[in-house]
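Enquirer: This is the structure, below, for whatever I ask next.
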Amino acid sequence: MVTFRNATAKDLSEIVQMLADDVLGRERERYENPLPESYLKAFESIDADGNNELIVACLGEEIVGVQQITFTPYITHQGGWRATIEGVRTASSERGKGIGSKLIQYAIDRARKRGCHIIQLTTDKKREETLRFYERLGFKATHEGMKMKL
C-alpha cells in the first residue's frame, strides 16, 4: 500500500536521484554524493514555508515517488487560492503501477482541504506520454505557459 508523508532532509538523496532519472532530468539535476548544497537550501526553504509541501510516496520504508505542492493566494478568481504541483516523479522501478495517479490524487485532496479553487501543473511539451497521463486524470491544457531561464 502506498503511503504519503512530508519529506525530510534525509530523503533528499533519493528525491534528487528520482528527479535525475529520466532524459530531461539528467540535463538539469546534479545527483552526486554529496549532493550540491543548493538542494539542502531549497529543502530548508520549502520545509519552513507553510504554503509548500514536499511529499514522498512510500511503499513500506522505500520512497517510490515525490512531488511538491505550492499553495498560492491570488487576486484573480475573487481572491481564491490555487495549488501548483511540480517535480512529480515516480521511481523508475515502479513506473506504470499507479503510483503517479495516487500522487496526483493526494495533491488534489490536499488542495481541496486547503480551500483551493484551482489546481495546476506544468510539464515539458517533450513529455507527450506525461501530457496524456495528466489529461486522463482530468487536467486540461487551457493556457499556454511560458518560461524564461535566468
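Read the figures in this text as sums done on the coordinates, not as results from a lab. These figures come from a predicted structure and were not determined experimentally. Cβ placement follows ideal geometry from the backbone for every residue including glycine, while neighbour counts extend to all protein chains displayed.
Enquirer: Using the Cα centre of region 2-136 as the reference point, and only Cβ charges (+1 on K/R, -1 on D/E), how large is the resulting charge dipole? Debye, rounded to the nearest 20. All intermediate terms of the calculation are to be shown ahead of the outcome.
Expert: Details: 20 positive and 21 negative charges, 122 e Å.
Dipole size: approximately 580 debye.
Enquirer: Using 1/(1 + (r/R0)^6) with R0 = 25 angstrom and r between the beta carbons of A9 and R95, what's the FRET efficiency to the nearest 0.05?
Expert: Numbers: r = 26 Å, r/R0 = 1.03.
Efficiency computed from Cβ-Cβ geometry: 0.45.
Enquirer: Follow-up question, since we're still on this one. Kyte-Doolittle mean at least -0.5 and Cα extent at least 18 Å along the axis: which DSSP H helices of the chain qualify? Could you put the intermediate results ahead of the total?
Expert: Details: long enough: 99-113 (21 Å, -0.36).
What comes out of the filter, once short or polar helices are dropped, is 99-113.
Enquirer: Can you find, among F43, S13, Q67, the residue farthest towards the positive end of the dipole of region 2-136? Put +1 on the C-beta of Lys and Arg, -1 on that of Asp and Glu.
Expert: In region 2-136, that residue is Q67.
Enquirer: Oh, and also: Using 0.36 nm per residue of separation minus the Cα-Cα distance, give me the extension gain between R28 and T122 in nm, one decimal. Provide the component values of the computation, followed by the final result.
Expert: Values: separation 94, 0.36 × 94 = 33.84 nm, distance 1.62 nm.
Full extension of this stretch gives 32.2 nm more.
Enquirer: Additional query: Sticking to Cα atoms, compute the Rg of region 36-104 to one decimal and its Dmax as the biggest Cα-Cα distance, whole number, in Å.
Expert: That works out to 14.4, 43 Å for Rg and Dmax.
Enquirer: Between E37 and K140, 0.36 nm times their residue separation minus their Cα-Cα distance comes to what? Mind showing how you got there, number by number?
Expert: Numbers: separation 103, 0.36 × 103 = 37.08 nm, distance 3.63 nm.
33.5 nm is the gain from fully extending E37 to K140.
Enquirer: Using r as the Cβ-Cβ distance of D49 and R132, and R0 as 25 Å, what FRET efficiency do you calculate, to the nearest 0.05?
Expert: On the way: r = 32 Å, r/R0 = 1.28.
So the FRET efficiency works out to roughly 0.20.
Enquirer: Could you list I55, I46 in order of exposure, starting from the residue whose Cβ has the fewest other Cβ atoms within 10 Å? Walk me through the numbers before you get to the answer.
Expert: Values: I55 20, I46 16.
If I rank by nearby Cβ atoms, fewest first, I get I46, I55.
Enquirer: Cross-link list K126/K149; K97/K147; K97/K149; K10/K147: which exceed 28 angstrom alpha carbon to alpha carbon? Before the final figure, lay out the partial values.
Expert: Numbers: K126/K149 17 Å; K97/K147 31 Å; K97/K149 34 Å; K10/K147 31 Å.
Beyond 28 Å between Cα atoms: K97/K147; K97/K149; K10/K147.
Enquirer: Run the numbers for K113 and T70: contour at 0.36 nm per residue of separation, minus the present Cα-Cα distance, in nm. Each step should come with its number before you reach the end.
Expert: Working: separation 43, 0.36 × 43 = 15.48 nm, distance 1.33 nm.
So the extension gain works out to 14.1 nm.
Enquirer: With bins 5 Å wide starting at 0, give me the P(r) of the chain over every alpha carbon pair, in whole percents.
Expert: 2, 8, 17, 22, 22, 17, 9, 3, 0, 0
Enquirer: Here's another thing I want to ask about it. Beyond 16 Å, what share of the Cα-Cα pairs of region 61-145 is found? Please give it as a whole percent. Numbers along the way, then the final one.
Expert: Details: 1982 of 3570 pairs.
Percent of Cα pairs beyond 16 Å in region 61-145: 56.
Enquirer: Here is a further query. So who's got an amide H within less than 5 Å of the one on I119, skipping anything under 5 residues away but keeping other chains? H placed 1.01 Å off N, in plane.
Expert: The list, which skips near neighbours in sequence, is A83.
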